[in-house]
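All remarks here apply to the structure that follows.
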Amino acid sequence: MKSYADVIIVGARVAGASLAVLLGRMGKKVVMVDKASFPSDTLSTHYLSHLEYLSKLDVLEEVEAAGLRKVNRMRTYIGNSFVEGPRSSYTIIPRRERLDYILVNKALSYPTVELKQGWQAVSLIKERQRVRGVRIKDRKGRKQVLCAPLVVGADGKHSMVAKWSGAEQYAEHSPVRPVFYGYFHNVRPLIEPATEIFLQEGRIGFLFPMEPGVDCLGLEVLPDEFVEIAREPKRFEEIYRQLYGMNNRLKGASLKGRIIGTPGVPNYFRTAGGEGWALIGDAGHSKDPSTGLGINDAFMQAFLMAEAIEQREKGEPWDDLVHKFQTERDVRLGPGYRLTLDYIQSRRELSHNEDALFQAMAANPMVWNKVVPHLPELLKQQSIPTLYQSVEHEARSFGFDYS
C-alpha cells in the first residue's frame, strides 16, 4: 500500500505533534507515525516555562484544565540553607501522557492530519540521494509505504531518521549524570508552590509541583550510583530524604507507579536537514536535563520548522531554508546548551570549609547587605558572560533598566 502526503512526521510527541498542528492550520496533508499508542508516558524533563507556545497552539486552557498548579517561585537549597525568589512568569509541570495526548488530538482536529500510532518507521525511501518517503510496519508486521516530498524526524535522541539520512553530530559531549524521577502523592507542600532545586553532596535534587497533591521528585546523581539505584529503587527515596526538610515532608507520601531512570542524556547538535528530510526536537538537539529546557526547545523548533515549510511553498529553495533553520536554532539554543554543560560539569560536592562558611554566610544579613551590590560584577569577573546576560534579561521583568 502507498499513501501520499505533503509532510510525513516520524514521532508524534511534543515536537512532532506541534509541527502537525501548525501544518494542519496551513491545510497541509500530514501523516504522523509513532510506535507508541496515545496516551502514553515518556522520559521527560516535565518543565514548561514558555507557555506562549501552548497559547499559540490553542491548547493552554486544556492543558491547565487538569488542575495544574501555577508555579511562580524558584527555591534553591545549598545544604541546609536556601534562597528563593519570584519568576517573571508562571510555570506548569504537566504529565507527558496528558500533554502529548492533547497535542496529538489538536493536530487530529484538522481534517488533513492523520496519525499512524502503533506503527514504526523501518527505513527511508530514497531516489538519487533525495528522501521521498518512509517505509513503516505495525505490531502485526503489516507494511506500508508513505510518500512525501519532506520527511521530518521528531523521533527523539536515538532518531532513526537522523541515522538513515546521515545527519552529522557536532558540539557533542558524552552523558554526564544519571537521572531518576518518580511521581509522589501527598508530599507536604510549601505555603506557596515553588520549583525546588537541591544542591547537596554533588547531587542535584528536583521537586516539581504538578497538580495538587502530586509532585515529580527527581535526582541527578553521581555516575557510579546509577546501577545501585536502578537495582534497588528504594535507594532513591533514601537519598531524597537526606535533602533539607524532605524527611519530614515525605512522611505520609507515597510513590505512584515506579522510579524512572536513565544512565545519562547525550549532549549534541545534529545537522538539521537535507534533501527531502529535516530533524526537530531531541532528534536535532539534546542536552542534560538539569536545566529543564527540553520541552521548550522542542516547541521552538516546531515553530521554526513550520515557518521554513511555509516559505518553501512560496518558492524558496529548501537548502537555503534548512540552513537558515539550523543557524537560527543553534543561535537560540547555543547559550542554554553552553550554560547547561558548564553547570553540570562544574557541579561538585562542597568541601567541609566551603560548606561551613556558606552556612554561616547564609544566616548573616550583614553579609548579604555587603555582597548583593557586588554580585553582578562577580558574575562578570568569573568569566560567565552568558550566565550574566541571562540573569540581566530576566531582571528586565523586575524593572532592571539598561540605561
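If only Cα atoms are counted, what is the Rg of region 102-161, and what is its Dmax, in Å?
Rg and Dmax of region 102-161, Cα atoms, are 12.7, 38 Å.
Counting helices only, and only those DSSP H runs with n ≥ 4, report the 222 nm mean residue ellipticity of the chain as the sum of -39,500 (n - 2.57) divided by its residues, in deg cm²/dmol to the nearest 500.
-10500 deg cm²/dmol
Calculate the FRET efficiency for Phe358 and Asn72 from the Cβ-Cβ distance with a Förster distance of 35 Å, rounded to the nearest 0.05. Walk me through the numbers before you get to the answer.
On the way: r = 26 Å, r/R0 = 0.75.
Efficiency, rounded to the nearest 0.05: 0.85.
Limiting things to C-alpha atoms, what are the Rg and the maximum Cα-Cα separation (Dmax) for region 250-357, in angstroms?
19.4, 64
Using only Cα atoms and rounding to the nearest 10 degrees, what angle (0 to 90) does helix 14-25 make with the longest principal axis of the chain?
The helix 14-25 is inclined about 50 degrees to the chain.
On a straight-distance basis, which aspartates and glutamates could pair with Lys126 in a cross-link, Cα separation under 15 angstrom, same-chain partners fewer than 8 positions away excluded?
Straight-line reach from Lys126, under 15 Å: Glu275.
Relative to 2.2 N^0.38 Å, what does the C-alpha radius of gyration of region 313-403 come to as a ratio? Two decimals please.
Relative to the 2.2 N^0.38 Å estimate, region 313-403 comes out at 1.64.
Mind running the shape call on region 203-270? Use the C-alpha gyration tensor, a ≥ b ≥ c as the square roots of the eigenvalues: rounded below 1.5 for a/c, prolate if a/b tops b/c, oblate otherwise. Walk me through the numbers before you get to the answer.
Values: a/c = 1.90, a/b = 1.46, b/c = 1.30.
Prolate, since a/c reaches 1.5 and a/b exceeds b/c.
Compute the angle between helix 352-362 and the longest alpha-carbon principal axis of the chain, please, reported from 0 to 90 degrees and rounded to the nearest 10.
Value to nearest ten degrees: 80.
Enter the mean projected area of the convex hull around the alpha-carbon atoms of region 244-303, in nm², rounded to one decimal.
6.9
Over the chain, with a Gaussian network built from C-alpha contacts below 10 Å, which listed residue (Lys370, Lys256, Lys324) shows the highest mean-square fluctuation?
Lys370
Among the aspartates and glutamates, select those whose C-alpha is under 20 Å from the C-alpha of Lys380, and discard any that sit fewer than 8 residues away in the same chain.
Lys380 reaches Asp342, Glu392, Glu394, Asp401.
Can you work out the Karplus-derived ³J(HN,Hα) for every residue in region 245-255? Use 6.51 cos²θ - 1.76 cosθ + 1.60 with θ = phi - 60°, whole Hz, and x for glycine or proline.
Calculated HN-Hα couplings, in order: x, 7, 4, 6, 6, 8, 5, x, 7, 9, 7 Hz.
How big is the antiparallel share of DSSP beta bridges in the chain, given as a percent to the nearest 5?
Of the beta bridges lying entirely in the chain, close to 70 percent run antiparallel.
Take the Cα radius of gyration of region 1-158 and divide it by 2.2 N^0.38 Å, with N its residue count; two decimals is plenty. Let's see the in-between values first.
Working: Rg = 18.7 Å, N = 158, 2.2 N^0.38 = 15.1 Å.
Taking N as the residue count of region 1-158, the ratio is 1.24.
Give the share of C-alpha pairs in each 5 angstrom bin for region 26-90, from 0 to the last occupied bin, in whole percents, shortest bins first.
4, 10, 14, 18, 20, 13, 9, 7, 4, 2, 1, 0
If you fit an axis through the alpha-carbon atoms of helix 318-346 and take the longest principal axis of the Cα set of the chain, what angle between them do you get, 0 to 90°, nearest 10?
20
If you take all C-alpha pairs in region 55-111, what percent of them are over 19 Å apart? Don't skip to the answer; put the middle values down first.
Values: 739 of 1596 pairs.
Pairs farther apart than 19 Å: 46 percent.
With springs only between Cα atoms under 10 Å apart, run a GNM on the chain and tell me which of Val187, Val31, Val122 wobbles the most.
It is Val122.
On a 30 Å Cα-Cα criterion, which of the cross-link pairs Lys70/Lys116; Lys251/Lys370; Lys70/Lys106; Lys143/Lys287 come out too long? Before the final figure, lay out the partial values.
Numbers: Lys70/Lys116 34 Å; Lys251/Lys370 39 Å; Lys70/Lys106 23 Å; Lys143/Lys287 34 Å.
From Lys70/Lys116; Lys251/Lys370; Lys70/Lys106; Lys143/Lys287, over 30 Å: Lys70/Lys116; Lys251/Lys370; Lys143/Lys287.
Choose one answer from Ser44, Ser123, Ser390: the residue with the largest mean-square fluctuation in a GNM of the chain with alpha-carbon springs under 10 Å.
Among Ser44, Ser123, Ser390, the largest mean-square fluctuation in the Gaussian network model of the chain belongs to Ser390.
What is the percent of Cα-Cα separations in the chain that go past 36 Å?
Roughly 29 percent, rounded to a whole number.
Would you kindly compute the Cα radius of gyration of region 115-243 and its largest Cα-Cα separation (Dmax), both in Å?
Both quantities, over Cα of region 115-243: 21.4, 63 Å.
How about Lys314: which aspartates and glutamates have a C-alpha closer than 15 Å to its C-alpha, ignoring those fewer than 8 places off in the same chain?
Lys314 reaches Asp6.
Every number here is computed from the coordinates shown, using simple stated rules; none is lab data. None of the values given here were measured: they were computed from a predicted structure. Positions of Cβ are backbone-derived with ideal geometry, glycine not excepted, and every protein chain shown enters the neighbour counts.
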